[in-house]
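The values are calculated or read from the model by the stated rules, or taken from the named source; none is laboratory data. Since this is a predicted model, take the numbers as computed values, not measurements. Glycine gets a Cβ as well: all are built from the backbone with ideal geometry, and neighbour counts include every protein chain shown. To get the accessible areas, we keep the full protein, side chains included, count just its heavy atoms, and leave off ligands, DNA and RNA. Shrake-Rupley method; radii C 1.70, N 1.55, O 1.52, S 1.80 Å.
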Amino acid sequence: FIVPDDGTITEALNAANNRADKSVRFRVFIKDGNYTFDTNGKTTGGDGNEYDDPRSYLKAPNTSFIGESMEGVVLTNVTPAATWDNGFGAACPLEGIGKGDVLQIKGQNSYFQNLTIKTSMGDAHGRDIAVNDQSNRTIFKDACLWGYQDTYVSNNQNGKFYFEGGVIRGRTDYICGKGDAYYNKVTFRQVKSGYLAVPSVPKKYGYILQSCKIVGDTDGVYGTYTLGRPWGQGTPIALD
């Protein structure tokens with residue numbers, strides 16, 4: 001499936017999810033451009049009001065999303081404005097893990113390369129998740145995940161996740177979750193001050209950062225940040 005030649009990014013996702021033979025790898029190639037996932041029905045926000053549901057789901061295994069370039073291909077969603085006071089200031093009513101995510105990955109053996117997945121909530125409007133990864137054996141190569149808080153969540157205690165190259169951007173807890181995640185030569189774009197790695201329950205190794213680098217979100221501007229902190233039960237590990 002080639003986006004946009006064969007349809008929208010939502011149609012590409014639907015084609016991957018609904019194909020008959022899911023044992024064979026399905027590849028989605030995405031040309032440079034900005035693409036927005038369709039909303040999916042309705043969901044209730046933290047303020048008790050109803051909103052268009054911004055979450056999209058990759059349910060099928062053995063699926064690849066390969067862009068023309070990391071900088072040129074941007075995938076996002078549509079979330080409501082920050083009209084809710086969640087106790088920490090103006091927030092999106094759908095902030096939070098599992099509530100306003102751009103993409104939830106449920107199918108095993110997923111592969112992403114040369115693209116950016118960017119949240120639409122804007123900075124400091126709550127927990128804005130680019131990818132909520134509930135799967136296993138996910139690979140990101142030369143990809144960018146762009147958010148502010150909880151940008152990438154490894155949300156499977158038994159999962160293994162691998163990153164090579166690319167960029168992950170955020171301020172607080174912007175790689176967080178369970179399972180074993182290996183970050184190889186990833187650039188972390190640190191926004192102001194906050195926490196970077198926040199592992200929870202590991203399967204075996206926890207979070208491993210190999211030959212990575214941390215840069216300021218604005219060139220030459222760094223906040224006072226902490227490399228990591230544990231989250232939840234068990235014996236979480238973050239090793240640089």
Residues in region 50-105 that are open to solvent by less than 30 Å² (accessible area, probe 1.4 Å) and touching a His at 6+ places or on another chain (Cβ under 8 Å) total 3
Of those in region 25-49 that are closer than 30 Å to residue 86 by Cβ and acidic (Asp, Glu), the residue least open to solvent (accessible area, probe 1.4 Å) is 47
Practice task
Go through the residues of region 208-221 one by one and say whether even a single one is of a type outside the set (A, V, I, L, M), more than 27 Å from residue 69 (Cβ to Cβ) and either at pLDDT 95 or above or part of a loop (DSSP other than H, G, I, E, B) (or both).
Solution key: no
For residue 126, the lone unmet condition from (1) more than 13 Å from the chain's Cα centre (by Cα); (2) on the phi < 0 side of the Ramachandran plot; (3) not hydroxyl-bearing (Ser, Thr, Tyr) is (2)
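Just checking, which of 179, 165, 216 is open to solvent by less than 50 Å² (accessible area, probe 1.4 Å) and farther than 27 Å from residue 60 by Cβ? It would help to see each step written out before you state the result.
Working: 179 fails: farther than 27 Å from residue 60 by Cβ; 165 fails: farther than 27 Å from residue 60 by Cβ.
Selected residue: 216, the only one of 179, 165, 216 that is open to solvent by less than 50 Å² (accessible area, probe 1.4 Å) and farther than 27 Å from residue 60 by Cβ.
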Flagged pairs (Cβ under 8 angstrom, 6 or more apart or on separate chains; first in region 160-189, outside any strand (DSSP E or B); second among the acidic types (Asp, Glu)) are 165/142; 166/142; 171/123; 173/150; 174/150; 185/164; 186/164
